[in-house]
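Reviewing the structure listed below.
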Amino acid sequence: MPEKYQRIDFRDQISNNKLKSFFLIVIIFAVIIGLGYVIAKAMAPGSFFFIMIFASLFSIFYVWISYYNSHKIAIASVGAKKASRQEYKQYYDIVEGLTLASGLPMPELYIMPSNQINAFASGRDPKHAVVCVTNGALDKLEKKELEGVLAHELGHIASYDMRYMTVVAVMVGMISIISQMFLRSLWFKSGGDDNKGNAIFIVLALILAILAPIVVWLVQMSISRKREYSADASAVKFTRYPPGLIGALKKIQKENIVPEKKVSQAMAPLFISSPVREWSSTHPPLEKRIKILERM
């Protein structure tokens, strides 16, 4: 049977994407080890360990602050307002039904002023989660389509995607800082005789320091795309109705997307569909997501 006609089990889709995400994290870890080894050979080991300690502490501190305040930062950055239960009864009813189906606690619900169809979830764990939809999503989507979108966002919460991506961010931040510190140190490095034997490692370290941040950034984008596929599969798991999310994604696809002025590039990965133009997308193509959902 041709692949396009084979059915996909949402459980397999979730499991496969989690495995692929883990494999991609291993790649980032391998880059850290490789970069560290080459820099250690090119420099005095003591200098390298200082760089590693500084990079680790700075990355963890910076991302830790963002992580614990992620939901507040996300809501404030897009100018969202808390949704009133009286005014948005259907919104609350759908999310409450999905939390019963998924076993998740009720998140705080917000509305973002925008005519585009979009939504995002944020928060360090299910007990500190928020879900935000645009006015456009509430106005343009039918109930089953809105349910599919909200189930997708709850899928991110259930999978602890914010925590997962935080680990990735720390690792990527470490590589960036290590690379920058090494490159800057070359300006102050004396050209003594002791360094002649390390010339090959210095060249290798220089190449890696330039390429490593680019490579891990691309891997980070790939991990983000895998998490989107997993959230789509989780939406099917919670609703048992793929046409709902399919219908929503098709409507998003038909919209003439104009970049959101209120949304920064850093916020784009949180949304169900990227609200900004980007040359290397944090989201898989909508066509591919729809085709996979049609086989579930």
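Observations on the structure shown:
- Matching entry among V216, V203 (being crowded, with 19+ Cβ neighbours inside 10 Å, of a type in the set (V, I, T) and modelled with pLDDT of 80 or more): V216
- Restricting segment 1-55 to residues that are of a type in the set (V, I, T) and within 21 Å of the chain's Cα centre (by Cα) leaves a set whose member that is modelled with the lowest pLDDT is I14.
- Residues that are aliphatic (A, V, I, L, M) and under 15 Å from D161 (Cβ atoms), drawn from segment 126-142: A129, V130, V131
- Any hit, segment 243-254, residues being in a loop (DSSP other than H, G, I, E, B) and either under 19 Å from R227 (Cα atoms) or at pLDDT 70 or above (or both): no
- Residues located in segment 93-113, provided they are in a strand (DSSP E or B) and charged (D, E, K, R): E108
- Scanning segment 111-149 for residues that are among the polar types (S, T, N, Q) and within 20 Å of the chain's Cα centre (by Cα) yields N118, S122, T134.
- Residue list for segment 225-242, restricted to those being assigned to a helix (DSSP H, G or I) and either over 27 Å from G97 (Cα atoms) or of a type in the set (K, R) (or both): R225, K226, R227, K237
The values are calculated or read from the model by the stated rules, or taken from the named source; none is laboratory data. Given the structure is predicted, the values throughout are model-derived calculations rather than measurements. Cβ atoms come from the backbone with ideal geometry, glycine included; neighbour counts cover every protein chain shown.
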